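Peer 1: Starting off with a structure, shown below.
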Amino acid sequence: MKLNLKIWRQKNNNAKGHFETHVVEANEHMSFLEMLDVLNQNLLEDGKEPVAYEHDCREGICGACSMVIDGHPHGPNERTTTCQLHMRFYKDGQTITVEPFRAKAFPIIKDLAVDRSSFDRIIQSGGFISVNTGGPRDANDILIDKDTVELAMDAAACIGCGACVAACPNGAAMLFTAAKVSHLNLLPQGKLEKDKRALGMVRQMDKEGFGNCTNLGACEAECPKGISLINIAMMNKNYLSASILSDKD
Amino acid sequence: MSWLSKLFTSSIGRKVIMSLTGLFFVLFLLVHLLGNLQLLHADGGKAFNHYADFMAHNGFIQGMSWIMKFLFGLHAIVGLILWRQNASAKGQKYAVKVTDNTSFAGRNMIWLGILILVFLILHMGDFWFQMHYGDLGEMDGVKDLAKLVAIKFSSPIYVGWYVFSMIVLGIHLWHGFESAFQTLGARHPKYDGFVAALGKILSVVIALGFAIIPIIMYLNH
C-alpha cells in the first residue's frame with residue numbers, strides 16, 4: 001500500500017518547523033513505527049536526514065512513541081499507543097498527518113521528538129514512597145480492600161507518555177499527575193505521605209508551565225491506558241484538604 | 001507566601017474559585033428567575049414592582065448584591081487569567097484539529113463567559129441602574145420598573161438579544177455546573193449521575209425560564 005505522509009520537520013525548539021510530504025510504500029502488517037522506519041530507510045538511502053521520533057519497547061508499555069497522528073495522540077484508535085497502531089487501519093493512497101506532541105512544557109528536541117523531562121520533575125516532587133521497606137514481608141501483612149486495589153492499579157497503568165497533555169487544548173498535565181498521585185495515595189504505604197505528595201506534585205506541575213484543567217475530558221478520551229478523570233477529582237480533593245487542613249506546607 | 005495565597009495562586013486553587021463562585025451564581029439565577037416570573041402576573045406589574053422595591057431597599061439583599069458584584073468580577077478575572085495561561089501553555093496549535101473528544105460548551109467557556117459579561121453590563125445599565133438612579137415614574141407608591149421592562153421587551157431586537165444571551169448562559173452552565181463538582185473533587189458513583197442530570201436540567205430551566213418572559217411579553221404587548 002502507498003501512503004502519503006505529511007510529516008512535521010523541525011531542527012530544534014528554536015527553529016521554525018514545517019510539514020514535509022513523503023510517499024511511503026508499506027504493507028498492512030506493519031506497525032506505524034515500522035512504516036516510519038521504512039520512511040527513514042528511504043531518506044537515508046537518498047542521503048537525506050531521517051525523521052527523529054522516539055520509540056523503545058514497541059509493545060505499548062513504555063510510553064516513548066509520542067506523536068500526534070491526524071490530530072490524535074497515538075493515532076485515532078482508542079486505548080493504543082503509536083506502536084500498537086497497524087497499517088491495516090489505513091487505506092491505500094491515504095494521506096496521514098503526523099505532528100509532535102504540542103505543549104509549552106514539552107519543548108521540541110527535533111522533528112517528532114519532544115522533551116518530556118517535566119514529567120520526571122513532577123515525579124521527583126513526590127511521586128515515590130520514602131519509607132524503608134525492610135526485608136521481604138508476608139503478602140497479607142497489610143490488608144487492602146479489593147476495590148481500592150483496583151482503583152490504584154487502574155491509576156498505575158499510566159505509562160507517562162504525555163498523550164493527555166498533547167490532547168488537552170489547555171496543555172494541562174492533570175491526568176498524568178493525578179494518576180501518579182492516586183496510585184500511591186490510595187494504598188496504605190502511600191497514604192503516609194499523601195498530603196506532601198499532592199502539594200509537591202501539583203506545585204511542580206504548575207511550575208513547569210502546564211495549563212489548567214477545564215474538565216473537557218480530551219485527556220481521558222485519548223489516553224492509551226484509559227486513565228479516568230475520577231483521578232483528577234480525587235487529586236483536587238486531596239490537594240484542597242492538604243492545603244487547608246494538613247500541617248504540611 | 002501564606003498557605004492561602006499559595007492555594008489561590010495554584011491551578012487547582014484558581015479553579016476552586018471558579019467553581020465556588022459559579023455555583024453561587026446558579027443560586028442567584030434561580031432567585032432572580034423566581035422574581036422575574038412575577039412579570040407574567042396579569043396585574044399591570046404590581047407584584048413585580050413591589051418585589052423590585054423590596055430587593056432595592058432590603059439591607060440584606062443590598063449587601064448580597066455587592067458581594068455578588070465582587071464575586072462576579074472575581075469569576076471573570078480569574079477566568080481570564082486561566083484562559084491566558086492555558087493559551088500560552090498550549091503554544092502552537094495542531095494542523096489537524098480534532099473536536100470530537102470535547103464538548104462545544106467546554107471548549108468555548110471563555111467566549112460564552114465574555115458574551116455573558118457583555119450582556120450583564122448592558123443589563124445592569126438597562127434595569128439595575130435605572131431602578132436605583134433613574135426616573136421611572138411611580139405606581140402604587142413604588143417605582144414602576146415593570147413599565148420599563150415592558151417598553152424594552154416591545155422591541156424584537158432587544159428580545160432577540162436577550163433570548164440569545166440566555167441560550168449562551170444555558171450553554172455556559174451546561175458545562176460549568178458539572179465541571180464545578182469535578183473541580184471540587186465532589187465525585188462519587190453514588191451521586192455522579194444525579195449531579196450531571198441536575199446540571200443539565202438547571203441549564204435548561206434557567207435559560208428557558210429567563211427567555212420565555214420577554215417572548216411572552218413581546219407577544220402580548
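The values are calculated or read from the model by the stated rules, or taken from the named source; none is laboratory data. All values reported here derive from a predicted model rather than from experimental measurement. All Cβ positions, glycine included, derive from the backbone under ideal geometry; neighbour counts span all protein chains shown.
Peer 1: Here are some conditions: (1) facing chain B (nearest Cβ under 7 Å); (2) closer than 15 Å to B:LYS15 by Cβ; (3) touching a strand residue (DSSP E or B) at 6+ places or on another chain (Cβ under 8 Å). A:GLU222 meets all but one. Which one does it not meet?
Peer 2: (2)
Peer 1: Which ones in region A:205-218 are at the interface with chain B (Cβ under 9 Å from one of its Cβ atoms) and in contact (Cβ under 8 Å) with a residue 24 or more places away in the chain?
Peer 2: Within region A:205-218, A:MET205, A:GLY209, A:PHE210, A:GLY211, A:ASN212, A:CYS213, A:THR214, A:LEU216, A:ALA218 meet the criteria.
Peer 1: Just checking, how many residues over region B:152-191 are of a type in the set (D, E, K, R) and more than 9 Å from chain A (Cβ to nearest Cβ)?
Peer 2: Residues meeting the conditions: 2.
Peer 1: For region A:169-176, indicate whether the set of residues that are more than 8 Å from chain B (Cβ to nearest Cβ), assigned to a loop (DSSP other than H, G, I, E, B) and surrounded by fewer than 20 Cβ atoms within 10 Å (Cβ to Cβ) is non-empty.
Peer 2: Taking every residue of region A:169-176 in turn, none turns out to be more than 8 Å from chain B (Cβ to nearest Cβ), assigned to a loop (DSSP other than H, G, I, E, B) and surrounded by fewer than 20 Cβ atoms within 10 Å (Cβ to Cβ).
Peer 1: Residue check, B:ALA186 against (1) among the small types (Gly, Ala, Ser); (2) farther than 22 Å from B:PHE127 by Cα; (3) touching a residue at least 40 places away in the same chain (Cβ under 8 Å), all met but one. Which one?
Peer 2: B:ALA186 satisfies every listed condition except (3).
Peer 1: Restricting to region A:216-231, what's the tally of residues that are surrounded by 23 or more Cβ atoms within 10 Å (Cβ to Cβ) and either touching a Leu at 6+ places or on another chain (Cβ under 9 Å) or of a type in the set (A, V, I, L, M, F, W, C) (or both)?
Peer 2: The qualifying residues number 6.
Peer 1: Sticking with this one: For A:ARG79, work out the one condition from (1) of a type outside the set (Asp, Glu); (2) assigned by TED's automatic domain parsing to the domain that holds A:PRO188; (3) at positive phi it doesn't fulfil.
Peer 2: Failed condition: (2).
Peer 1: Restrict the check to region B:44-54 and report whether at least one residue is hydroxyl-bearing (Ser, Thr, Tyr) and within 20 Å of A:ALA233 (Cβ to Cβ).
Peer 2: Looking for residues that are hydroxyl-bearing (Ser, Thr, Tyr) and within 20 Å of A:ALA233 (Cβ to Cβ), one finds none in region B:44-54, hence no.
Peer 1: Here is a follow-up. Can you tell me which residue in region A:235-249 is nearest to the chain's Cα centre (by Cα), limited to those that are surrounded by 20 or more Cβ atoms within 10 Å (Cβ to Cβ) and of a type in the set (A, V, I, L, M, F, W, C)?
Peer 2: Selected residue: A:MET235.
Peer 1: Right, next: Listed residues B:GLY22, B:GLY59; which is modelled with pLDDT of 95 or more and surrounded by 15 or more Cβ atoms within 10 Å (Cβ to Cβ)?
Peer 2: On inspection, the qualifying residue turns out to be B:GLY22.
Peer 1: Next up: Assuming A:ILE159 fulfils every condition listed in (1) away from every other protein chain (no Cβ under 14 Å); (2) over 15 Å from A:LEU187 (Cα atoms); (3) surrounded by fewer than 18 Cβ atoms within 10 Å (Cβ to Cβ) apart from one, which condition is it?
Peer 2: Unmet for A:ILE159, out of (1) away from every other protein chain (no Cβ under 14 Å); (2) over 15 Å from A:LEU187 (Cα atoms); (3) surrounded by fewer than 18 Cβ atoms within 10 Å (Cβ to Cβ): (3).
Peer 1: Sticking with this one: Which numbered condition in (1) farther than 18 Å from B:LEU82 by Cβ; (2) more than 7 Å from chain B (Cβ to nearest Cβ); (3) modelled with pLDDT of 95 or more is the only one that A:LEU192 fails?
Peer 2: So A:LEU192 meets the others, but not (3).
Peer 1: What number of residues in region A:82-109 are more than 18 Å from the chain's Cα centre (by Cα) and touching a residue at least 60 places away in the same chain (Cβ under 8 Å)?
Peer 2: Kept after step one, since they are more than 18 Å from the chain's Cα centre (by Cα), are these residues of region A:82-109: A:86-97.
Next, from what is left, pick out any that are touching a residue at least 60 places away in the same chain (Cβ under 8 Å): A:87-88, A:90-97.
Adding up the residues that qualify gives 10.
Peer 1: Condition first: assigned to a helix (DSSP H, G or I) and under 16 Å from the mean Cα position of the chain (by Cα). Can you find one or more residues in region A:135-148 that meet it?
Peer 2: no
Peer 1: Continuing with this model, one more query. Spot the failing condition for B:TYR158; the list is (1) surrounded by fewer than 19 Cβ atoms within 10 Å (Cβ to Cβ); (2) in a loop (DSSP other than H, G, I, E, B); (3) in contact with a helix residue (DSSP H, G or I) (Cβ under 6 Å, 6 or more places away or on another chain); (4) among the hydroxyl-bearing types (Ser, Thr, Tyr), and only one is missed.
Peer 2: Among (1) surrounded by fewer than 19 Cβ atoms within 10 Å (Cβ to Cβ); (2) in a loop (DSSP other than H, G, I, E, B); (3) in contact with a helix residue (DSSP H, G or I) (Cβ under 6 Å, 6 or more places away or on another chain); (4) among the hydroxyl-bearing types (Ser, Thr, Tyr), B:TYR158 violates only (2).
Peer 1: Just to verify a result, which residue in region B:80-90, among those that are within 22 Å of the chain's Cα centre (by Cα) and within 12 Å of A:CYS213 (Cα to Cα), is nearest to the other protein chains (Cβ to nearest Cβ)?
Peer 2: Only one residue fits best here, namely B:LEU82.
Peer 1: Just checking, which of B:ILE116, B:ILE81 is in a helix (DSSP H, G or I), surrounded by 16 or more Cβ atoms within 10 Å (Cβ to Cβ), among the aliphatic types (A, V, I, L, M) and modelled with pLDDT of 95 or more?
Peer 2: Being in a helix (DSSP H, G or I), surrounded by 16 or more Cβ atoms within 10 Å (Cβ to Cβ), among the aliphatic types (A, V, I, L, M) and modelled with pLDDT of 95 or more holds for just one of B:ILE116, B:ILE81, which is B:ILE116.
Peer 1: Kindly evaluate A:GLY135 against the criterion of being away from chain B (no Cβ under 11 Å), within 22 Å of A:GLU193 (Cα to Cα) and not β-branched (Val, Ile, Thr).
Peer 2: Criteria met by A:GLY135.
Yes/no per residue for (1) outside the structural domain of A:CYS83 (by TED's automatic domain parsing); (2) in contact with a strand residue (DSSP E or B) (Cβ under 9 Å, 6 or more places away or on another chain); (3) surrounded by fewer than 18 Cβ atoms within 10 Å (Cβ to Cβ):
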residue: A:ASP145; (1), (2), (3): yes, no, yes
residue: A:LEU151; (1), (2), (3): yes, no, no
residue: A:LEU186; (1), (2), (3): yes, no, no
residue: A:GLN189; (1), (2), (3): yes, no, yes
residue: A:MET201; (1), (2), (3): yes, no, no
residue: A:MET205; (1), (2), (3): yes, yes, no
residue: A:ALA233; (1), (2), (3): yes, no, no
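Peer 1: Looking at (1) in contact (Cβ under 8 Å) with a residue 12 or more places away in the chain; (2) under 30 Å from A:GLY211 (Cα atoms), which is the only condition B:ASN36 fails?
Peer 2: Going through the list (1) in contact (Cβ under 8 Å) with a residue 12 or more places away in the chain; (2) under 30 Å from A:GLY211 (Cα atoms), B:ASN36 breaks only (2).
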